[in-house]
Structures are given as structure tokens and as C-alpha cells.
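Have a look at the structure below before the remarks.
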């Protein structure tokens, strides 16, 4: 379904439980949702450890996540993510991600993660031989801090220009992205001490 909003046309892929995943162009997608929890200081948990949390909350989607920080940097890591082989029945390859992730906190009300595909073929040795790099060019995640208990997340996903995703695959990917982030959202919003 195509929707026009403020002179912008986009295709809604999935929208439920406060998460909205849309297709802006054939190569650009956007995910938005809010995090709210009055029991914890949300800005303090917006860090690289969320990757490991995503892994633990989604064992049916992630096979392995390895994070390398050669300089013990709090602002830059390299993440290697092997997905489960979810699409072999459809004739699609087994995918992995290799991302260089930079965290920027220059604004006191915003945390930004710039994730760019690590174009060097740094497939880990224990990955299967037939695994392919997911055709993501970059992911920019903007965490707008409303207050200590409310954060608005806006995530822009850019695929490489000549990706080979068939159109039916977008809805499947939308559902996987929804599951990943909905589980994280529910976990964070239900934490209490």
C-alpha cells in the first residue's frame, strides 16, 4: 500500500505495536519506534551492548554475533553478524553482516549510530562457505532523547544500489526486523528494578 504524507510517497511494509517499517525508494527503508520506561534511565543503556541483547532476545534469527573493538573504543566497533539460514527454502542465500559502527553523542539529546558495511570481505573463518554479505550499504540510527524515560528511534537503512532482493522478500525482511526490534522494545519497556 502506497501512502502519501506531507508530499512524500512511501510504501508501508509493516506497522504494529508502535513500530513502523516503510520503503521510501527501492534502496531506502525507514524504521521508527519509541522506547518508554519510567523505571530506568534509558539514555544510559543506549550503547553497543544492545547488539548482544538483540542476539540473546532473537536466537531464532541470529546464529552468531562477534564484536571487535581493537582500541577498546567506546565510539567505534566492528560487528560480524551471522544470521540463521532462514531463506534457503526460497532459494535465497545464507546471509551475514559485517558492519563498522560509530557512535556519536555530540548533542546531549541525541545518540547516533552510523553503521557502514565493511566492504572488505572479512567473513569469519567459521562461517559457512556459501554465506553472502547482506547487501546493506549503511544504517543510520538516531536516538532522540525526549527525557530520561523516553527515546524516539529513527533508523534509516540504505541497500546497495543493485541489490538482488525480490519484491516479495521485502515483506519477509520487514517481519524479521519487526520481530527483532519489537522483542528489544518489549524487553526494555518491561524492565523494572
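Do we find that residue 68 is touching a strand residue (DSSP E or B) at 6+ places or on another chain (Cβ under 8 Å) and either surrounded by fewer than 16 Cβ atoms within 10 Å (Cβ to Cβ) or at positive phi (or both) in this structure? Walk me through how you get there before you give the answer.
Numbers: touching a strand residue (DSSP E or B) at 6+ places or on another chain (Cβ under 8 Å): yes; either surrounded by fewer than 16 Cβ atoms within 10 Å (Cβ to Cβ) or at positive phi (or both): yes.
Taking the combined requirement at face value, the residue satisfies it.
What's the total number of residues in segment 17-54 that are crowded, with 18+ Cβ neighbours inside 10 Å and either more than 16 Å from residue 184 (Cα to Cα) or without any contact (Cβ under 8 Å) to a residue 12 or more places away in the chain (or both)?
Of the residues in that region, 3 qualify.
Look at segment 38-82 and say how many of its residues are under 15 Å from the mean Cα position of the chain (by Cα) and not in a strand (DSSP E or B).
14
Would you be able to tell me the number of residues in segment 114-149 that are more than 14 Å from residue 79 (Cα to Cα) and under 19 Å from the mean Cα position of the chain (by Cα)?
The qualifying residues number 9.
Taking the criterion of being buried (at least 16 other Cβ atoms within 10 Å of the Cβ), under 30 Å from residue 190 (Cα atoms) and either in contact with a strand residue (DSSP E or B) (Cβ under 8 Å, 6 or more places away or on another chain) or modelled with pLDDT under 90 (or both), would at least one residue in segment 116-132 satisfy it?
No: segment 116-132 contains no residue that is buried (at least 16 other Cβ atoms within 10 Å of the Cβ), under 30 Å from residue 190 (Cα atoms) and either in contact with a strand residue (DSSP E or B) (Cβ under 8 Å, 6 or more places away or on another chain) or modelled with pLDDT under 90 (or both).
Residues of segment 138-182 being touching a residue at least 40 places away in the same chain (Cβ under 8 Å), closer than 14 Å to residue 87 by Cα, surrounded by 15 or more Cβ atoms within 10 Å (Cβ to Cβ) and in contact with a helix residue (DSSP H, G or I) (Cβ under 9 Å, 6 or more places away or on another chain), which ones?
172
Hey, residue 60 hits all of (1) crowded, with 18+ Cβ neighbours inside 10 Å; (2) closer than 26 Å to residue 163 by Cα but one; which does it fall short on?
The failed condition is (1).
Since residue 102 meets every condition but one in (1) part of a loop (DSSP other than H, G, I, E, B); (2) farther than 17 Å from residue 133 by Cα, which condition does it not meet?
(1)
The values are calculated or read from the model by the stated rules, or taken from the named source; none is laboratory data. None of these values were measured; they are calculated from a predicted model. Cβ coordinates were reconstructed from backbone atoms using ideal geometry, including for glycine residues, and neighbour counts include every protein chain displayed.
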